[in-house]
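Before any comments, here is the structure.
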Amino acid sequence: MPRATFPTPLGTCAISWDQAGVTGFELPGATQRADDVAHPPEEIGAIVGRVRRHLMGKLEDFSDVRYDFARVPEFNREVYRATLKVKAGQTSSYGQIAAAIGQPAAASRAVGAALGANPWPLLVPCHRIVSADGKMTGFSGPGGIRTKLQLLNLEGSELFAE
């Protein structure tokens, strides 16, 4: 599966793809590999440009990206599609995402597990999902909650205590 790394204002990111769409994204902290593609296809290059702009504070909406959702379980797909509706500067709770996909509030832990396995962090904005009381909870990306807070701050979201 092709992969490319690229510099951003916050560090090196990576993106991977196949013919069905984007298969993965790595937040700043990604390492370059010997088999990385130097010049990704135009569609991927456009996403790279948008990520760079976003991380410079010129906010982008990645809901139109062609994701290879076939690579993830159906429940996760539903969670990711609902999460894509949470726009920059906004947050939502795990319970609200559960409700958005027709699940009871008790499914909020399963929503959290799906977001923890998100292969497209930043693009599918799992960092915008917080606990019901607005507190920061775990973040599986490099830097953990610090990175989550940094991304929320960049997007103009109200910050909360850990």
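Condition check for Thr5 on (1) in contact with a helix residue (DSSP H, G or I) (Cβ under 8 Å, 6 or more places away or on another chain); (2) over 22 Å from Leu149 (Cα atoms); (3) surrounded by 12 or more Cβ atoms within 10 Å (Cβ to Cβ); (4) not small (Gly, Ala, Ser): one failure, at (1).
If you check Arg77, Arg53 for being touching a helix residue (DSSP H, G or I) at 6+ places or on another chain (Cβ under 6 Å), without any contact (Cβ under 8 Å) to a residue 12 or more places away in the chain and surrounded by 12 or more Cβ atoms within 10 Å (Cβ to Cβ), only one passes: Arg77.
Residue by residue, here is whether (1) of a type in the set (Gly, Ala, Ser); (2) assigned to a loop (DSSP other than H, G, I, E, B) holds:
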{"position": "Arg77", "(1), (2)": "no, no"}
{"position": "Ala82", "(1), (2)": "yes, no"}
{"position": "Val86", "(1), (2)": "no, yes"}
{"position": "Gly89", "(1), (2)": "yes, yes"}
{"position": "Ala98", "(1), (2)": "yes, no"}
{"position": "Gln103", "(1), (2)": "no, yes"}
{"position": "Ala113", "(1), (2)": "yes, no"}
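Is it fair to say Lys85 is in contact with an Asp or Glu (Cβ under 8 Å, 6 or more places away or on another chain) and more than 28 Å from Thr31 (Cβ to Cβ)? For Lys85, the condition - in contact with an Asp or Glu (Cβ under 8 Å, 6 or more places away or on another chain) and more than 28 Å from Thr31 (Cβ to Cβ) - is not met.
No lab work stands behind these numbers, since they all come straight from the coordinates. Just so it is clear, the model here is predicted, and its values are computed rather than measured. For neighbour counting, all protein chains shown are included, and Cβ atoms are generated from backbone atoms with ideal geometry for every residue, glycine included.
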